[in-house]
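Undergrad: Got a structure for you, written out below as structure tokens; questions coming shortly.
Rule-based calculations on the coordinates, nothing more; no lab input. As the structure is a computational prediction, the values presented were derived from the model and not from experiment. Cβ: placed from backbone, ideal geometry, glycine included. Neighbour counts: every protein chain shown.
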Amino acid sequence: MRLGQTSIIHFASRLLSSVLGFVATIFIARLLGPETLGIYYLVLSTVAWLGIGVKMGIPEAINKRVSEGEDEAAYAIAGGTVVVSLFLVMSLLILLFSGWINDYIGYPASEVIILFLFVNLAKSVVNAILSGQHLVHVLGVFSPIRTGTRSIVQIGAILGGFKITGLFFGYTVGYALVSVAGLWIVVRRFKEIQTPSVDHYRRLLSYAEYSWLGEIRSRAFNWVDVAVLGFFVSSSLVGIYTAAWNIAVFLILFGGSLSQTMFPEMSSLSAEEDAQSVTDLFETALTYGGLILIPGLIGGTLLGERLLRIYGEEFTQGATVLSVLIVATLIQGYQRQFTTTLDAIDRPDVSFRVNAVFIGANVILNVSLIPTFEVVGAAAATAASVAISLVVAYFSLSSLIEFSVPLGEIGKQWAAAVVMGGVVYTGLWLESAYISVGNNIVVVLTLVGFGAAVYFGTLFAISSYFRTTVEQNIPVDFPAV
């Protein structure tokens, strides 16, 4: 029950964060247009990729070692010194190649990239320690604080006439705020401050030598398509694509909350050699990995054009892209549970191979499809590559632990989503044929809210497993159904 409540708190926090970010992106898109939005996301994409060379899997290693419950401060300090050293080297390289970087982005942003790298690095290390200390719910609460602060500062700066500079300033303020607050919390929870030994560095690096590819895998899922699109299409199309991507990623939040909540628990149980409990947690994660994504796929396909119209009329050409990207996030929702479990049972070497397959397939497919099919090709490449890696992950984990895929519960989620889809489709037909509300945002919010109520109501009625989960995790007694 505690894990369920932690997941819900983390998910609710990230949901609020995404809503804030979604609203802010709409304002930014309407005020500055898709070209400026495209430049901003190219900067973020560059930071994401260069950040791999700064982190090198160290935050994941900090999370793993701290979660084991011994010498927490020593591992945190060891990891911090390593990533700061890598950051200094990367900053020098960015300054040396600033001309090339600025030409690619189409804006003089090399100094901004260094600043973004630093605040990202600080947030990643602090988040890793919080997660390792089993404070995933606190980590989740920081997400809307970061996004809300960033959004308020960005919009205020844009209205003040600072344009893209305002976007950069708001981003920095949001990340810096939660990094400082998180550091204050983790330091207070250390039992004692220890100077790291050579063994602490060795154990960190032994895990990081495999986990760094997980960082690349995460960046590849989010940013390979954007990075390659930057070479072949206009900034406006990049802006349209990232608007669709923001909606699709919105749906993966619950699966991400599950994996983040489960990892420290699985890691602790694995250290105690409690294999059956690890398996039980993994099967639970699989059961609910698509809880939001399955109805999201059906609803997003039906409402895709209207959702994108919120950003502006020119963004509606990304409707097909949105549907394909939601498929990609649905597959990713399940794949992430597999790789999280592999990492938790201290097999980052196997997770490394799974991630290598995804990255190779993603790069090859993006480079092959984008020149011909542009943004649709980018979305298709992401979906296909994550599907390939899911198959590899399934066979890799099944060779290490015994588990069963909860097909019955997943099937009930699909059934409830189909019922919801019928209701949403009927609502769209009635609005276009008879009611004609006229206000697109009102129509979208009404159908999304009503559709969600139908979905969860139907699932609650047909799934005793879901009813039990709900009853165990909220302080309300339901009558027998």
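Undergrad: Modelled label-to-label distance, T372 and D199, 7 Å Cα→beta-carbon offset: nm?
TA: The modelled label-to-label distance comes out at 5.7 nm.
Undergrad: Here is a follow-up. Please work out the FRET efficiency for the pair V187 and F231, using the Cβ-Cβ distance as r and a Förster radius of 35 Å; give the result to the nearest 0.05.
TA: E(calc), rounded to 0.05, equals 0.20.
Undergrad: Treating cross-link reach as a plain straight distance, find the aspartates and glutamates whose alpha-carbon is under 14 Å from the alpha-carbon of K123, omitting any fewer than eight places away in the same chain.
TA: Qualifying aspartates and glutamates at Cα under 14 Å: E60.
Undergrad: To the nearest 20 Debye, how big is the dipole of segment 2-405 about its Cα centre, given +1 on the beta carbon of each Lys and Arg and -1 on that of each Asp and Glu?
TA: 880 debye
Undergrad: Sort the following peptides by mean Cβ neighbour count (other Cβ atoms within 10 Å, averaged over residues), highest first: 366-377, 315-326.
TA: Per-residue Cβ counts within 10 Å, averaged per peptide and sorted highest first, yield 315-326, 366-377.
Undergrad: Counting only helical runs of four or more DSSP H residues, what would the 222 nm mean residue ellipticity of the chain come to if each run contributes -39,500 (n - 2.57) and the total is spread over all its residues?
TA: -29000 deg cm²/dmol
Undergrad: Which parts of segment 431-448 would a label at V418 reach, counting a residue when its backbone N lies under 20 Å from a point 7 Å out along Cα-to-Cβ?
TA: No residues fall inside that zone.
Undergrad: So, one more: Among the GluC sites (Glu not before Pro) within segment 375-480, which fall in a DSSP loop and have no more than 16 other Cβ atoms within 10 Å of their own Cβ?
TA: Here the sparse-neighbourhood loop sites are E402.
Undergrad: Let me ask something else about it. Return F190, F358, F352, F97 ranked ascending by Cβ neighbour count within 10 Å, so the fewest neighbours appear first.
TA: Ascending Cβ contact count within 10 Å gives the list F97, F190, F352, F358.
Undergrad: Kindly state, to the nearest 0.05, the FRET efficiency for Y465 paired with L93, given R0 = 51 Å and r defined as their beta-carbon distance.
TA: Plugging the Cβ-Cβ distance into 1/(1 + (r/R0)^6) gives 0.50.
Undergrad: Rounded if a/c is under 1.5, else prolate if a/b is larger than b/c, else oblate: which is segment 326-481, with a ≥ b ≥ c the root eigenvalues of its Cα gyration tensor?
TA: The shape class here is oblate.
Undergrad: Another question about this same structure. With Cα extents along the principal axes in Å defined as stated, name the option among [x] 73, 61, 41; [y] 79, 48, 42; [z] 63, 61, 50 computed from the structure displayed.
TA: Computing Cα extents along the principal axes in Å and matching it to [x] 73, 61, 41; [y] 79, 48, 42; [z] 63, 61, 50 gives [x].
Undergrad: Counting alpha carbon pairs within less than 8 Å and at least 6 residues apart, what relative contact order, in whole percent, applies to the chain?
TA: 19 percent
Undergrad: Let's test the formula: R0 of 22 Å, r as the Cβ-Cβ distance of L159 and L445. What FRET efficiency results, to the nearest 0.05?
TA: My answer for the efficiency is 0.35.
Undergrad: I need the phi-derived Karplus couplings for segment 69-81: 6.51 cos²θ - 1.76 cosθ + 1.60, θ = phi - 60°, integer Hz, Gly and Pro marked x.
TA: Along segment 69-81, the couplings run x, 10, 6, 4, 5, 5, 5, 5, 5, 4, x, x, 5 Hz.
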